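Reading through the structure tokens given below for one structure.
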Amino acid sequence: MIRATEIIDRVAEETDRVILFHSASGKDSIALLDLIAPRFKEVVCAYMYIVKDLQHINRYISYAVNKYPNVRFVQIPHFALASYRKVGYMGCAKNEKQKQLTMAKLTDIVRERYDIEWAFFGFKKSDSLYRRAMLRTYEDEAINRKTKKCYPLSPYKNKDVLAYIEREGLIKPERYGNAQSAGTNISDMDYLLWLRENFPQDLQKILKEFPLVERLIFEYDNKDK
């Protein structure tokens, strides 16, 4: 991760406090926090939740704050949650007056709240064609000085990130069934079945907020009957 370190050090020359948008259980966030933490006085990790305080997520947050004394986590509503509430997605409480959010707007809100300019993200060119096109327009395909956003993992692939986690002995990212964690996706059956098997109390929290998710599970259980 030499190139990632060089990119991070450029930002460290300008500030000693940064924000990291952290998925808690995802590989990119786990690796990136380990790279960032030694180079700044304070790292504010912003975890965007769909349902707050899920046990399987909180254990990753606890791991991070215990490992890195200069790191603190804040939990903020995911920008997608505003869209869910506006239409009553999956039976959640509907509010047609709900203001919509974007990732950019949410980033600005967190910056203002914690008085921090620079924000880090775990995006990689290999994630998607959209991200590849976006990152190619930045300094060394990783730094956007105009918006003060940084993407140190830009040139790496999933296997590189996993190898780093293994080499450094970091907590392993979560896997939902055969799939790598993609965050709290309340319509993903692998995720829902994994919760039912491993963290049923978290599944109940999701059903309380999004009651129609139970229908997805019922239909899955009865699809061959």
task: Would you check if residue 33 is assigned to a strand (DSSP E or B) and open to solvent by less than 20 Å² (accessible area, probe 1.4 Å)?
output: no
query: among the charged types (D, E, K, R) and at pLDDT below 95 - does that describe any residue in the range 33-53?
result: yes
task: Only residues in the range 202-225 that are closer than 17 Å to residue 91 by Cβ and free of Cβ contacts under 8 Å to residues at least 24 places away in the same chain count as the first member; pair them with residues that are surrounded by fewer than 17 Cβ atoms within 10 Å (Cβ to Cβ) and basic (Lys, Arg), Cβ under 8 angstrom, at least 6 apart or cross-chain, and list the lot.
output: 203/196
message: Which count do you get for residues in the range 1-22 that are of a type in the set (Ser, Thr, Tyr) and either at pLDDT below 95 or within 22 Å of residue 112 (Cβ to Cβ) (or both)?
response: 1
- line: Here the qualifying pairs (Cβ atoms under 9 Å; residues six or more apart or on different chains; first in the range 134-155 and more than 14 Å from residue 6 (Cβ to Cβ); second part of a strand (DSSP E or B) and open to solvent by less than 10 Å² (accessible area, probe 1.4 Å)) come out as 138/150; 144/150; 147/119; 148/119; 149/119; 149/120; 149/143
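The values are calculated or read from the model by the stated rules, or taken from the named source; none is laboratory data. In this text the structure is predicted, and so the values were computed from the model without any measurement. When we count neighbours, we look across all protein chains shown, and the Cβ atoms used for this are built from the backbone with ideal geometry, even at glycine. For the accessible areas, the whole protein counts, side chains as well, though only heavy atoms, and no ligand, DNA or RNA atoms are used. Shrake-Rupley method; radii C 1.70, N 1.55, O 1.52, S 1.80 Å.
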